[in-house]
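The values are calculated or read from the model by the stated rules, or taken from the named source; none is laboratory data. Note that the structure is a prediction, hence the values are computed from the model and not measured. Every residue, glycine as well, gets a Cβ built from its backbone with ideal geometry; the counts of neighbours run over all protein chains shown. Just the protein is used for accessible areas: all its heavy atoms, side chains included, with ligands, DNA and RNA removed. Shrake-Rupley method; radii C 1.70, N 1.55, O 1.52, S 1.80 Å.
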Amino acid sequence: MNLNLTGKKVLVAASSKGIGKAIAACFASEGAHIRLCSRHEDDLKAAAEELRGHYNAQVHYKVTDLSVKQDIEDLVQATAEAFGGLDILVTNSGGPPSGRFEEMEDDAWEHAFHQNLMSVIRLIRCSLPYLKRSKNGRIVNITSTSVKQPIEGLILSNTYRAGIAGLAKTLAHELAPDGILINTVAPGRIATDRIYQLDKHKAESMNTLMEEIRARAEQNIPLGRYGQPDELAKMVVFLASTANSYTTGQTILVDGGMVKSL
């Protein structure tokens, strides 16, 4: 299957580590040009050098705080100027803190709102003029299985990630006349630092070993294991490619069969 991604101009948010970095690497392996971003320059520089060393692709990066409107505007403008446009946007952000409703004060809600929901809105808004000029504009949002089945102890994620799924479903109708397809990919338990930290927090709260927490989690996954970042990245890259020509407005779970909802 020809994904036709050679030379495509791609912005991947929150991409110095974990899922975002794996997505960027998958695009680079297909010959796309990549813009990385995160808050930490050292991590970005290391990720960019690694990708350049493995793939024949242009890889640029920009330090960006996705909770800050001006940072997002500068990021998209710099990307479009460097590449001469933008074909694909992958929205992504670090997960908000874990905790129960009564533990969350207004500042936690407000920061998660800007980082996890407004960042997606702003990235799409800023990117749209360029995506409309692309012959095959694509948007893929990275969320969580919480958009289908709330996750205990992740009240912030459960609330704001669901908003992204609603946004994408609405935009699928609004953007279709411009030839832009938008979809949402919801990771399950993918082996990243984020999942490590969540497992660690749960183990501490239950006074048990992390290995026990992971074993219990794997028992609830039909495939019997945590996923790898590149397994999710392949789905994202397909949805962002011209090989996908008729799927839009969908939320697709990459979770090993874990979520039981239809």
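Which residue, Ala243, Ile190, Ala203, has the largest displacement toward the positive end of the dipole of the stretch 181-252 when charges sit on each Cβ (Lys, Arg +1; Asp, Glu -1)?
Farthest along the dipole direction, towards plus: Ala243.
Counting only Cα atoms, I'd like the Rg/Rh figure for the stretch 198-262, Kirkwood definition for Rh.
Computed over Cα atoms, the ratio is 1.12.
Rounded to whole Hz and in sequence order, give me ³J(HN,Hα) for the stretch 113-121 from the Karplus expression 6.51 cos²θ - 1.76 cosθ + 1.60, θ = phi - 60°, writing x for Gly and Pro.
4, 6, 6, 9, 10, 5, 4, 5, 4
Which of these, Lys135, Lys234, Lys62, has the largest mean-square fluctuation under a Gaussian network model of the chain (Cα springs below 10 Å)?
Lys135
Can you spot the aspartates and glutamates whose alpha carbon is less than 17 Å from Lys200's alpha carbon? Ignore those fewer than 8 places along the same chain.
By straight Cα distance, Lys200 reaches Glu152, Glu211, Glu212, Glu218.
Along its principal axes, what span do the Cα atoms of the stretch 66-212 show, with the longest given first and each in whole Å?
Sorted largest first, the three principal extents are 54, 27, 25 Å.
Just how far, in whole angstrom, is the stretch 1-72 from the stretch 123-171 if you go by their alpha carbon centroids?
A separation of 19 Å, based on Cα centres.
Take the cross-link list Lys69/Lys260; Lys17/Lys260; Lys21/Lys69; Lys132/Lys202; Lys69/Lys132; Lys169/Lys234 and give me the ones stretching past 32 Å between alpha-carbons.
In this structure, Lys69/Lys260; Lys132/Lys202 exceed 32 Å between Cα atoms.
Probe radius 1.4 Å, ligands and nucleic acids left out: which of Thr242, Thr143 has the largest accessible area, and how do the rest follow?
Thr242, Thr143
Using helices alone, what [θ] at 222 nm do you get for the chain, with -39,500 (n - 2.57) per DSSP H run of 4 or more residues, divided over all residues and rounded to the nearest 500?
Per the formula, -14500 deg cm²/dmol.
State, in angstrom, two size descriptors of the chain derived from its alpha carbons: Rg to one decimal place and Dmax to the nearest whole number.
Cα-based Rg and Dmax for the chain come out at 17.7, 55 Å.
Go through Leu131, Gly179, Tyr61 and say which Cα lies farthest out towards the positive end of the charge dipole of the chain; charges sit on Cβ, +1 for Lys and Arg, -1 for Asp and Glu.
Of the options given, the answer is Gly179.
Run the 1.4 Å probe and let me know the accessible area of Met206, rounded to the nearest 10 Å².
For Met206, the solvent-accessible surface is approximately 90 Å².
Work out which GluC sites (Glu not before Pro) in the chain are exposed loop sites (DSSP not H, G, I, E or B, at most 12 other Cβ within 10 Å) and give the longest gap free of them.
Segment 153-262 is the longest.
How big is the dipole moment of the stretch 1-159 about its Cα centre under a simple scheme where the beta carbon of each Lys and Arg is +1, that of each Asp and Glu is -1, and everything else is neutral? Debye, nearest 20, please.
Computed charge dipole of the stretch 1-159: roughly 1000 debye.
Obtain the radius of gyration and the Kirkwood radius of the stretch 58-97 from its C-alpha atoms and give Rg over Rh.
Checking Rg against Rh, the ratio lands at 0.99.
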